[in-house]
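Below is one structure, written out as structure tokens, with a few remarks after it.
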Amino acid sequence: MKIAALLRGIEMTTRPIQPESRTALERRWEQLPEHAKTPGQLLGRAAVGCEGTHGVFPKCNLTCSPCYHSADANKVRIDGAHTLKGVTEQMEYLRSIRGPRAHAQLIGGEVSLLPARDHAAALLAMRANGREPMSMTHGDFDYQYLLDVVLDEDGKPRFDRVSFAAHFDSLMRGRRGAVRPRDEAELNPFRAKFADMFTTLKRDHGIRSYIAHNMTVTPSNLDQVTDVARAVMEMPYDMLSFQPAAYIGDDRRWSGGFDTVSIDAVWSRIEAAAGHPIPWQGTQFGDVRCNRTAITVNAGTRSTALLDPEDPRDLAARDRALAHFGGMIFGDTPAWIVAVKVLRALLAHPGDVPFLASFALRLMRRAGGLRAVASAALHRRLSFRTFVVHNFMDAADVAPAWALMKQGVASDDPKIKETQERLGACMYTMSHPETGELVPACVQHSVLDPGENVGLRKMLPIRVLPQPPADGDLASTHAATDSAGSRTRKG
């Protein structure tokens, strides 16, 4: 009996796609609006989409224009116990509804305002529920804080791999050393310093990382996107993500002209930085009006797109990969199990082999040939980089669209109808276990955050001084009013 149970366990563990994953994917596909069910759609075929936390630490210590947080966000105290409770409940609900594996963002206000131990505990809670967490930050913290998150009290790694996304742009105010940056170039040393922390982490402690660079784009910095992308591509970032600004959140920080920055205008500037086309049309995450995503392969100084949507052979390989490998879990999985999963999938679909092999050969030729790719791999200069543009929607459109969707009503207004279509195909979800809802991020920020933060302000009020500090001592004011969210600067 024990041997039979062991064999059954091995069979299930090495099954290419777990039954629970398949069920979650099928459910996600059925939920998509018809216009999004395209051959290149990844939602419901390769992934359920990304996830994020909300209401767990809304406070931030920088000011940005625009800011997607409601006006009450900075009036809520940082509280580790509240954060851990909220993260755990939200992740448990996502695990129950969306299956055993997904990428999730630990996001709210500024994650580094959390005490390091609470930050680490939140990441562990996310991993315990099958989530691959990414900590979202403005990047203005010291290396010691990172060490305090990833190492335990004995100096041993809590994690073998971590993911962080740092947001840098000239619209942010209050960064140490660049309080009011004059342009994007002024921030390049800070971008490099952030990335270098993770290179040092790998060298000194063996902890691998995946790091992303985020940037909000408005008319004031649109023409600097090319220079930013070019500079960041020389740094060890794995992802470059750009977000055209939208009218969401704190309207005190809005300015005119956000809607003049199009998703196409941003993408063209990324391609200018790369020096070659980066076609996104071969794959789709949700609605193409919301997201553009593409991966490049970098072999030394040579870069090329992973997928050529103009080549029908590449599309055929894509279709077979999605049909037979989509939903396969690789993260946090031992290499031998991954190898067996792939082998079983290929044995079940031997016709895939020539399609996938010819795709690999074409990709190597585009990357400079077998010798160049092999040399880059040997010298650890072979890498993949993801480019993303997220195009958020204005609160004035999201609110009425969502209200009608909750009533099951499709709007006749062209703009609201488009918003409903995009919300229905959203790839970025937040959970509300208390109501049993999964909501798109635009809905969270546009509709739910204001009321949620009012409630949090009452639950976690910032401490009020019994009397004003003498002589206008602002340092004393800050220490007393927000001691729970303060950080000790080390290193």
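Worth a mention:
- Among 265-275, 172-182, 419-429, the peptide with the highest mean count of other Cβ atoms within 10 Å heads the list, and the full ranking is 419-429, 265-275, 172-182.
- Each of M393, M233 was scored by other Cβ atoms within 10 Å of its Cβ. Listed from fewest to most, they are M233, M393.
- Under 5 Å from the amide H of N61 lie the amide H atoms of E110, each residue being 5 or more positions distant or on a separate chain, with H modelled from the backbone and absent for Pro and chain starts.
- Restriction of the chymotrypsin sites (Phe, Trp or Tyr not before Pro) in the stretch 325-375 to DSSP coil positions whose beta-carbon has at most 13 other beta-carbons within 10 angstrom yields F330.
- Computed from point charges on the beta carbon alone (+1 for Lys and Arg, -1 for Asp and Glu), the dipole magnitude for the stretch 2-485 about its Cα centre is near 1600 Debye.
- Compactness of the chain, expressed as Rg and Dmax over alpha-carbon positions, Å: 23.1, 79
- Beta-bridge orientation, the chain: approximately 40 percent antiparallel, per DSSP, counting only bridges with both partners inside.
- Residue exposure proxy: F159, F168, ordered by other Cβ atoms within 10 angstrom of their Cβ from fewest to most, comes out as F159, F168.
- Only one residue of G451, A229, V266 has its Cα farthest out toward the positive end of the dipole of the stretch 2-485, where Lys and Arg carry +1 and Asp and Glu -1 on Cβ, and that residue is A229.
- Top positive-direction residue, dipole computed over the stretch 2-485 with Cβ charges, set S112, P461, G9: G9
- Neighbours of S431, meaning other residues whose beta-carbon lies under 10 angstrom from its beta-carbon, give a summed charge of -3 when Lys and Arg score +1 and Asp and Glu score -1.
- Residue-averaged 222 nm ellipticity for the chain, from DSSP H runs of 4+ at -39500 (n - 2.57), nearest 500: -12500 deg cm²/dmol
Computed from the coordinates by the stated procedures, all read-outs in this text should not be read as laboratory data. All of these numbers come straight from a predicted model, not from anything done at the bench. Positions of Cβ are backbone-derived with ideal geometry, glycine not excepted, and every protein chain shown enters the neighbour counts.
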